[in-house]
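Here's the structure we're looking at; comments come further down.
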Amino acid sequence: MSSSILHDPGALRTVLLVLLLAAGAWFPWPQGPVRTAHAAQPDQPAGAHQPAGPVRLPACPDRPNCVITQAEGAVRDGQYIEPLPFTGDAATAMRRLAVALGALPGCTVTEMDGLTVRAQCRSKVFGFIDDVVCVADPAASVVHLRSAARSGWWDFGVNRDRSEQLRRRFLGLSR
């Protein structure tokens with residue numbers, strides 16, 4: 001008699017559960033802004049970029065493993081940090097920010113789309129992944145960012161430290 005996973009419902013459920021859990025690690029759900037400032041409006045061609053107001057990043061979870069530059073997104077004490085100021089063209093500032101972010105240890109820029117830069121940063125010891133989203137607000141001449149751990153309760157201040165390192169590199173300050 002040959003036994004097959006297809007004929008054993010318990011084994012099939014186990015395989016499906018493992019595949020679903022693995023899919024979450026392989027295909028993380030996007031954590032980007034609720035609305036991007038550079039998205040074309042439905043009645044405009046795809047190349048037309050007209051901001052419809054300030055972009056709101058998703059709020060931080062009620063855990064000490066996230067920092068954000070928008071006060072309304074900081075739901076715990078210690079999550080708020082100051083936005084990154086820039087002068088000149090927002091697109092040029094975002095290219096400069098992408099270079100600074102990619103130069104941080106363990107960080108890889110995963111997407112750069114106009115006024116939005118996304119990155120994943122992997123911790124040295126355990127390999128935990130944090131997501132960083134940066135969005136320019138040209139009207140205010142600032143870059144808003146959100147840096148958050150994908151898992152865990154506390155990040156030992158890693159996201160705050162990384163954000164401050166990014167600020168220093170972006171603004172050209174010494175360490």
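The values are calculated or read from the model by the stated rules, or taken from the named source; none is laboratory data. This one's a predicted model, so the numbers in the text were calculated from it and none came from an experiment. Note that we place each Cβ from the backbone using ideal geometry, even for glycine, and neighbour counts take in every protein chain shown. Just so you know, the surface numbers come from the protein's heavy atoms only, side chains and all, with ligands and any DNA or RNA stripped out. Shrake-Rupley method; radii C 1.70, N 1.55, O 1.52, S 1.80 Å.
Could you tell me whether Ser163 is under 16 Å from the mean Cα position of the chain (by Cα), surrounded by fewer than 17 Cβ atoms within 10 Å (Cβ to Cβ) and not in a strand (DSSP E or B)? No. Determine if segment 52-63 includes at least one residue that is part of a loop (DSSP other than H, G, I, E, B), modelled with pLDDT of 85 or more, touching a Phe, Trp or Tyr at 6+ places or on another chain (Cβ under 6 Å) and closer than 18 Å to Asp161 by Cα. Scanning segment 52-63 turns up at least one residue that is part of a loop (DSSP other than H, G, I, E, B), modelled with pLDDT of 85 or more, touching a Phe, Trp or Tyr at 6+ places or on another chain (Cβ under 6 Å) and closer than 18 Å to Asp161 by Cα. Checked against (1) open to solvent by less than 70 Å² (accessible area, probe 1.4 Å); (2) touching a Gly at 6+ places or on another chain (Cβ under 6 Å); (3) modelled with pLDDT under 95, Gly152 passes all but condition (2). Note on segment 64-87: among residues that are open to solvent by 70 Å² or more (accessible area, probe 1.4 Å) and at pLDDT below 85, the one that is farthest from the chain's Cα centre (by Cα) is Asp77. Apart from one condition, Phe170 fits all of (1) outside any loop (DSSP other than H, G, I, E, B); (2) within 28 Å of Asp62 (Cβ to Cβ); (3) among the aromatic types (Phe, Trp, Tyr); the exception is (2).
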